[in-house]
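Heads up: the structure comes next, in structure tokens.
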Amino acid sequence: MRALTATGLCAWALVQASIACAQSGDTGFASYAFASETGSGVYQIDGRIIQVYTLPFYYRLRNAEPRGGRPGIKLLLPVTFGLFDFVPSELVHGEIPTHFDSLSFEPGIQLDWWINDAWHLLPYVKAGAAWASSTEVNAIIYGTGLRSEYRFSTFERASLWEAELVYAGVHYHDSDLPNDSFTRLRNGLELWQNLWWSLGERRTQVAPYAMLDIYFNAPSGPQSGISARTAQFETGLVFGVNPMWRMWGFDLPRLGIGYRFAGVVSGWRLVIGDPF
């Protein structure tokens, strides 16, 4: 646990040292309705820093059976919250934020078809709600997608190639904001490397990753937290142990840091869980 905490502090330090590199945008509420899709990140919008964190909670109801047997079932329970002008180092001094500037909960269900020893297909659907306290704008959010995971070995390292097609939308109510949606094709590659020390029976690991997102109809800029660029790229490192620790029946998430090249919302992202 101490190693995981140290990893988190290192990630915070990298984010804080690099906030000045984030690009300025308009005054729109960044990463609000689509925050559960964009993931954790740090952005600078008109001189104000907004930090968005996604906690990828889930509960596995049933494991997949091999070679096209009964699919596994996973209950998705992601929670996302955003904070304006909050400095993570304040936590070290016991200063805990008293409210969130945005909050979303988008539960769903995901199936897991184990096609062969290396290949899994994972369709999912989810729907929920998002709230933004400072703007008094609430919304219904929803999404569906199909994910393909292929595991292989390269350079004697365990590797994962993931492809995902997702459609996500937002329906605002009690607001003049227009409803919005996007379709995204994602391809990602992750390589696991065991480090030279262990924590008991657990091997520490570092996993460099890279992913390319293609948006067919990206929402309009920082208001959604998604760049209008058709192609967006991200690369970074994720740290963890194998096997991961568990708490109250849940796997604790890995932690990492990445940088996203996405025009006006380029910036550092704190990775909580899997990078994609």
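Given the structure, is Gly249 surrounded by fewer than 15 Cβ atoms within 10 Å (Cβ to Cβ) and at pLDDT below 95? Yes, satisfied. Examine the range 110-119 for a residue that is of a type outside the set (Phe, Trp, Tyr), modelled with pLDDT of 90 or more, assigned to a strand (DSSP E or B) and within 18 Å of Ala218 (Cβ to Cβ), and state whether such a residue exists. Taking every residue of the range 110-119 in turn, none turns out to be of a type outside the set (Phe, Trp, Tyr), modelled with pLDDT of 90 or more, assigned to a strand (DSSP E or B) and within 18 Å of Ala218 (Cβ to Cβ). Inspect the range 79-93 for any residue being of a type in the set (A, V, I, L, M), closer than 18 Å to Ala168 by Cβ, at pLDDT 90 or above and under 18 Å from the mean Cα position of the chain (by Cα) and give the result as yes or no. Yes, the range 79-93 contains a residue that is of a type in the set (A, V, I, L, M), closer than 18 Å to Ala168 by Cβ, at pLDDT 90 or above and under 18 Å from the mean Cα position of the chain (by Cα).
Contact map, the range 177-199: residues that are surrounded by fewer than 16 Cβ atoms within 10 Å (Cβ to Cβ) and among the aromatic types (Phe, Trp, Tyr) paired with residues that are modelled with pLDDT of 85 or more and in a strand (DSSP E or B), Cβ distance under 7 Å, separation 6+ or inter-chain. Pairs shown: Trp197/Thr204. Identification of strands (runs of 3 or more DSSP E) wholly contained in the range 163-231 with 2 or more residues that are under 16 Å from Gly39 (Cβ atoms) yields 180-191, 202-215. The single residue among Ala163, Ala207 that is surrounded by fewer than 17 Cβ atoms within 10 Å (Cβ to Cβ) and under 29 Å from Pro243 (Cα atoms) turns out to be Ala163.
The values are calculated or read from the model by the stated rules, or taken from the named source; none is laboratory data. A quick note: this is a predicted structure, and the numbers were derived from the prediction, not measured. We place every Cβ from the backbone using ideal geometry, glycine too, and count neighbours over all the protein chains shown.
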